[in-house]
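The values are calculated or read from the model by the stated rules, or taken from the named source; none is laboratory data. The shown structure was predicted, so the numbers you read here are calculated from the model rather than taken from an experiment. Please note: Cβ atoms are built from the backbone with ideal geometry, for glycine as well, and neighbour counts cover all protein chains shown.
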Amino acid sequence: MGEMMRWGILGAAKIARTALLPAIQAAEGAELVALATGDAGKAAPFAAVAPGLRVMGYEALLADPGVDAVYIPLPNHMHVEWTLRALAAGKHVLCEKPLAMQADEIDQLIAARDASERLAAEAFMVCHHPQWARLRVLLAEGAIGELGHVEGMFTYRNTDMGNIRNRPETGGGGLRDIGVYPLVTARFATGAEPGAIRADIRRENGVDVFARVWADFPGFTFSMHCGMRLQRRQDMVFHGSEGWIRMAAPFNPPQMGEAQIVVHRADGSVLVERFPEVDQYRLMIENFGRAARGEAAFACPLEFSRGNQAAIDAMLAAG
C-alpha cells in the first residue's frame, strides 16, 4: 500500500466533518480520498476542503481499490456490520465508539481482523493523547503513592429526542456515548480491569440518560457518573496514599481547556505538566497508519475494546 494511507469515510456524520476530516488532512502519511454518502449537501463541506474527493455509495467505497482504510462514524447499531463488511473488502477499519452493542460481538470482529490480516480498531482518541501515557508512567512510578480510588465524570445536555443518542433503536444512551471515557482512561492508565460493578441508572425513552457507577478494581475502587441531561462537564481524579492527580481536560482538549496533569503532593506542593496544542485525533490517525504497516502496536487493540464493552454491558445490566 505504500507509505500514504488513503482513507475513505462511511457516512458524513458531524464527528467525521469536525474531527476526523481535519485529523486525516493534518496527519503525516494520510490522505482523505473518498466519502460515502447519498446527501450532496452533507458532502459539500468535505469536498470544499478535500480537493478531488470522490463521493460515492457505501458499497462502491468498499469496492474502491484506491481506498486503503475506512473510518466508520455511522449510528452505533451499524458499527459491527460495516466493520465486518470493510474487513471482508480488504480495508483497514477505524470505527467510532461504541464498536459494538455488546462484548461478544467483538469476538467476531477479532476473528475477522485476524483472518483478513488487516487492522481493525475502535476510535478511542484519548488513548493516543500523551497525557494518558504520561499518567500511566506517573502511577507506575508511585508519584502519588498507592492508588486507592479513581473518580470520573462526563456529561452534556442533549434534549433532542430525534438525535440518535436519544433513540434506543440506534444504540443510544449516555454510557455507550460518554461513559466509556472515564472507564477506558481508568483502564488505560492503570492497566487494571474492573471486577464487581454496581450501577444506578435513570432511563428515558429506553435509553440511559444518567448513570452512577461503582466498580472494584484490584487494589483500588472506581466511581463515575455520566449523563445527557446535565451541562457539559468532564473530570478525572486519581487519588493515592501520598497525593492525588487531576486531569484538567481529560477527554476533549483543547475544547474543554488545556490538557494538564495536576499533581497534588502530600507536602502541599502542586506540580503541573501541560500538553498544549496536541491534536489527539491526528495522533490517532498517524498511529493507526504505523500499526497498519506493522511499524508499531496500536494503543487500544480490539481485545482492549472488548474489555471496555464487557464493563459497559455489566453497568447496563446492573442498573
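When you scan the stretch 109-132, how many residues do you find that are free of Cβ contacts under 8 Å to residues at least 40 places away in the same chain and either within 20 Å of the chain's Cα centre (by Cα) or on the phi > 0 side of the Ramachandran plot (or both)? Before you say what the answer is, go through the steps one by one.
Initially, the stretch 109-132 is screened for residues free of Cβ contacts under 8 Å to residues at least 40 places away in the same chain, giving 111-112, 114-117.
Pick out the ones that are also either within 20 Å of the chain's Cα centre (by Cα) or on the phi > 0 side of the Ramachandran plot (or both) and you get 117.
Counting residues in the stretch 109-132 that are free of Cβ contacts under 8 Å to residues at least 40 places away in the same chain and either within 20 Å of the chain's Cα centre (by Cα) or on the phi > 0 side of the Ramachandran plot (or both) gives 1.
Which one of these is loosely packed, with under 15 Cβ neighbours inside 10 Å, assigned to a strand (DSSP E or B) and aliphatic (A, V, I, L, M): VAL237, VAL272, VAL263? Explain how you work it out, then say what you get.
Working: VAL237 fails: loosely packed, with under 15 Cβ neighbours inside 10 Å; VAL263 fails: loosely packed, with under 15 Cβ neighbours inside 10 Å.
So the residue among VAL237, VAL272, VAL263 that is loosely packed, with under 15 Cβ neighbours inside 10 Å, assigned to a strand (DSSP E or B) and aliphatic (A, V, I, L, M) is VAL272.
For the condition buried (at least 16 other Cβ atoms within 10 Å of the Cβ), more than 17 Å from the chain's Cα centre (by Cα) and either at negative phi or not charged (D, E, K, R) (or both), what is the one hit in LEU87, LEU99?
Values: LEU99 fails: more than 17 Å from the chain's Cα centre (by Cα).
Result of the check over LEU87, LEU99: LEU87.
Among the numbered criteria (1) touching a residue at least 12 places away in the same chain (Cβ under 8 Å); (2) closer than 21 Å to CYS300 by Cβ; (3) loosely packed, with under 14 Cβ neighbours inside 10 Å; (4) among the β-branched types (Val, Ile, Thr), which one does THR159 miss?
Checking THR159 against (1) touching a residue at least 12 places away in the same chain (Cβ under 8 Å); (2) closer than 21 Å to CYS300 by Cβ; (3) loosely packed, with under 14 Cβ neighbours inside 10 Å; (4) among the β-branched types (Val, Ile, Thr), the one that fails is (2).
Can you name the residue in the stretch 295-319 that is surrounded by fewer than 17 Cβ atoms within 10 Å (Cβ to Cβ) and of a type in the set (D, E, K, R) and, of all such residues, is nearest to ALA189 (Cα to Cα)?
GLU303
Can you confirm whether the stretch 128-135 contains a residue that is surrounded by fewer than 16 Cβ atoms within 10 Å (Cβ to Cβ), assigned to a helix (DSSP H, G or I), assigned by TED's automatic domain parsing to the domain that holds HIS225 and charged (D, E, K, R)?
yes
Within the set of pairs 6+ apart or on separate chains, which have a first residue in the stretch 176-197 that is free of Cβ contacts under 8 Å to residues at least 24 places away in the same chain, a second that is small (Gly, Ala, Ser) and outside any loop (DSSP other than H, G, I, E, B), and C-beta atoms under 8 Å apart?
GLY195/ALA215; ALA196/ALA215
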